[in-house]
1. Say we look at the range B:245-263 and pick out the residues that are facing another protein chain (nearest Cβ under 10 Å) and outside any helix (DSSP H, G or I); which of these is surrounded by the fewest Cβ atoms within 10 Å (Cβ to Cβ)?
2. Given (1) more than 25 Å from residue B:232 (Cα to Cα); (2) in contact (Cβ under 8 Å) with a residue 60 or more places away in the chain; (3) crowded, with 16+ Cβ neighbours inside 10 Å, identify the lone condition not met by residue A:65.
3. Evaluate the range A:83-97: report whether one residue or more is more than 7 Å from chain B (Cβ to nearest Cβ), more than 21 Å from residue A:16 (Cα to Cα) and touching a helix residue (DSSP H, G or I) at 6+ places or on another chain (Cβ under 8 Å).
4. Quick check on the range A:39-47. Is at least one of its residues surrounded by 20 or more Cβ atoms within 10 Å (Cβ to Cβ) and facing chain B (nearest Cβ under 9 Å)?
5. Considering only the range B:134-186, how many residues are within 30 Å of residue B:264 (Cα to Cα) and free of Cβ contacts under 8 Å to residues at least 12 places away in the same chain?
6. Quick check on my filter: what residues within the range B:28-41 are in contact with a helix residue (DSSP H, G or I) (Cβ under 6 Å, 6 or more places away or on another chain) and at pLDDT 95 or above?
7. Does at least one position in the range B:273-286 carry a residue that is facing another protein chain (nearest Cβ under 8 Å), modelled with pLDDT of 95 or more and over 20 Å from residue B:66 (Cβ atoms)?
8. Only one residue in A:90, A:113 is under 14 Å from the mean Cα position of the chain (by Cα) and at pLDDT 95 or above. Which one?
């Protein structure tokens, strides 16, 4: 991820990691692409089989290694390819989000969204929105691995 | 010296002696006096001679259920003395399939709450020589003289907001039950932290967690940390870096707490075991509080047949994020 720690001309550009479920959100991102919608390049998409696959440690690791914001996107409840994956992740990620906030992260740093494969426009909008919010918040230094701070 | 609850101890001693000698159990997990009078460490009694060291006093805070994990490898049938929290720990292990119910005999001991030595010395304002207890009053004897304090004020942090002093699962209840208690202040510190601005909260945890030595005593003491291979020792992938830095400390503590989401019985052994007094219970309680708020009241360890909230779902669950 070191190459993704992009410092552009005006100093700082946010890095946002988006974990997208293979069946809905990733396909939604695909649709956004094929429909020629644009969304900020600050968002780096990582494809996961299901939002239920997401190990919460992925999120913490992203923060450690330079992410300014993390987004998890999955199918709408009821639409999971594996029937119940996102029902489980809703419970898990809700409690995890609150724990992360309790540790001192701003609520905007870690978000969860449901985006279906037909919602290319929503995908682009959400990416736009989270990038805007993170830009307004500024760089994240919380939980950053000290050894990664110097990598630019 | 700390006085033992002699009358109760005799009762316990008689009951377990009969079973140990009669062959109903091969090993008894209890407590004995440690190096200092204010320590009661685990006792592993195989015979009558060992059993003579058995003690029951105000310092028997160590959770014995956790020791079953190791001891069941060597002994066929084990008797354990369980307080309220120990019995809920036992339910926890039972639910995780870490122990077999038929190989364990539980002797229930309704618990008066255990005393905190650090608090005792701080209250006595001198090195303690001994304590004496009567009817909810503790007399602290030190070089500075005698001091009388209410017992409630000297309890361990984990005992202060205990709701279930009585064992919830046992084969034999050896003492008189004490009944359920209210814990109105259980989430007080959590709420206080929640009200802080995010940055201030981060600074708070940064300060607290910076003391962490990563000795993993909290994990060793914990009844929900029963994985054979813990993520902190896992090598592929190596989740937990070995470096001593804030980032790794945060990772460890957040993940440790999160592994207990919906499973933590709030026995507070982690915090008691912590050599640098990190308020670990606040992290656990935060998760308990949130899960109760979002997914309905659930007290882990009370009933081993109830599924922990994070292992199940309802289609109309609320979420802590926008679902639009």
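1. Selected residue: B:245.
2. Single failed check for residue A:65: (1).
3. Yes, the range A:83-97 contains a residue that is more than 7 Å from chain B (Cβ to nearest Cβ), more than 21 Å from residue A:16 (Cα to Cα) and touching a helix residue (DSSP H, G or I) at 6+ places or on another chain (Cβ under 8 Å).
4. Among the residues of the range A:39-47, not one is surrounded by 20 or more Cβ atoms within 10 Å (Cβ to Cβ) and facing chain B (nearest Cβ under 9 Å), which makes the answer no.
5. Count: 1.
6. B:28, B:29
7. Yes: the range B:273-286 contains one or more residues that are facing another protein chain (nearest Cβ under 8 Å), modelled with pLDDT of 95 or more and over 20 Å from residue B:66 (Cβ atoms).
8. Exactly one residue qualifies, and that residue is A:113.
The values are calculated or read from the model by the stated rules, or taken from the named source; none is laboratory data. Note that the structure is a prediction, hence the values are computed from the model and not measured. Glycine gets a Cβ as well: all are built from the backbone with ideal geometry, and neighbour counts include every protein chain shown.
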